[in-house]
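The values are calculated or read from the model by the stated rules, or taken from the named source; none is laboratory data. Quantities reported herein were computed from a predicted structural model and do not represent experimental measurements. A quick note on method: Cβ atoms are made from the backbone with ideal geometry, for glycine too, and the neighbour counts reach across all protein chains shown. Side chains are part of the model used for accessible areas, which takes the heavy atoms of the whole protein and leaves out ligands, DNA and RNA. Shrake-Rupley method; radii C 1.70, N 1.55, O 1.52, S 1.80 Å.
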Amino acid sequence: MEFVILAVVIALVAVGAISGLVVSSRKKKQLPPSAPSSTPTITAPPAEPHVGEEAAETAEEQRRTIEEVALPEAPASPVVVEETPAEALAAPEVEVPEPTAGRLVRLRARLARSQNSLGKGLLTLLSRDNLDEDTWEEIEDTLLTADVGVAPTQELVERLRERVRVLGTRTPAELRALLREELIALLGPDFDRAVKTEGGLESPGVVMVVGVNGTGKTTTTGKLARVLVADGKSVVLGAADTFRAAAADQLQTWGERVGARTVRGPEGGDPASIAFDAVKEGIAENADVVLIDTAGRLHTKTGLMDELGKVKRVVEKHGPLDEILLVLDATTGQNGLVQARVFAEVVDITGIVLTKLDGTAKGGIVIAVQRELGVPVKLIGLGEGADDLAPFEPGAFVDALIGD
């Protein structure tokens, strides 16, 4: 009996499964027919949000065809554009330097800035009612502080003491005249202070400028060219300073201002060769003067000083040097005298140029350097202006130191 019941149950389950499959197949057959084929519609993804002007929709720009664009009418006559030659654009304006006559007198106000420690100090001390030993010691200290030097100071004090004792009365005018005479005597009024620029019959005068670094040799050479041009001379410049960057450019700029040609070579080249070529060009051009700017060198460097001697020897193959000017910074004081001694041993110094003699410089250095080298101060620089280089005049110099 149990087997009969089990068989019935299995049969019922089988019938149910078969009927389910039939119903499912009928539903699949009753799906709606697909829509007729057509072009699919593509929907763009949503645009990203924009801010400010980008939020507005960009209107399509209306463009014109080439037929709609009106062309400009051709001019009745062709327009001629005149071009300026490159030479005219590059040529600098040639300046006319100030005349050298009386230049130191015109620059007296600048020179007078250095009188505080020397001229006025001496006049004040000499005007005391009682010139005792303490006062004379103060006078000596004033002279030494002004870089006059020991030997010239002792000499000046002895002469002042003798003349004051003989003079007796000492009015301000008498004291000023007395001090003026003694200072001029110390400056060596008999020195020939003219810069030698006269060469031979067929060769120009040759001037070589030497000195240590930073004294203003290149600037002094350029200013000296202006002085010579103002005196009516034609000048050729030799840029033999090949070690300092842009030294040749600086000298050439000075020359172009007054119409002087500059002979130069490659940076780091042989300075003796450039100096030789400068003199050669000066002879070829029949110039009156050749100015040679040499490289600054420390007076303690033996090799550099020997090279300076080589420049001198090479230049002298054309003929003797007419002038060798040593440029000294007046503000260096006694240190400048040490430099001067070494340069005088290597080359025969014939003249001295004192630069930066306004402001902090002390006037006594003029006396000291002349006494040390036995050669005259021929030029002094009193400022940064192009015409602030002046021939040295002892009388005008002393008048600026002690005032009126």
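Some notes on this structure:
- Note on E137/K280: beta-carbon distance plugged into 1/(1 + (r/R0)^6) with R0 of 56 Å gives a FRET efficiency of 0.45.
- The residue list V315, A340, L325 was ranked by how far each Cα lies along the charge dipole of segment 312-355 toward its positive end, using unit charges on Cβ atoms, and V315 comes out on top.
- When E323, E137 are compared by accessible surface with a 1.4 Å probe, the order from highest to lowest is E137, E323.
- Under the criterion of Cα pairs below 8 Å and six or more residues apart, the relative contact order for segment 338-404 equals 30 percent.
- Under 5 Å between amide hydrogens, built in the peptide plane, is the criterion, and for G238 it picks out V263, L291, I292, D293 among residues at least 5 positions away or on other chains.
- Amide H partners (placed H, <5 Å) of G351, local residues excluded: I324, L326
- With R₀ fixed at 30 Å, the C-beta to C-beta distance from E384 to R180 puts the FRET efficiency at about 0.55.
- Each label was represented as a point 7 Å from its Cα along the Cα-to-Cβ direction; for E158 and V105 these points are 3.6 nm apart.
- R170/D348 FRET efficiency (R0 51 Å; Cβ-Cβ; nearest 0.05): 0.70
- Karplus (6.51, -1.76, 1.60) ³J(HN,Hα), θ = phi - 60°, over segment 204-210, in Hz, Gly and Pro reported as x: x, x, 10, 10, 10, 10, 10
- Within segment 180-217, backbone nitrogen closer than 18 Å to the virtual label 7 Å beyond the Cα of T253 toward Cβ: 214-217
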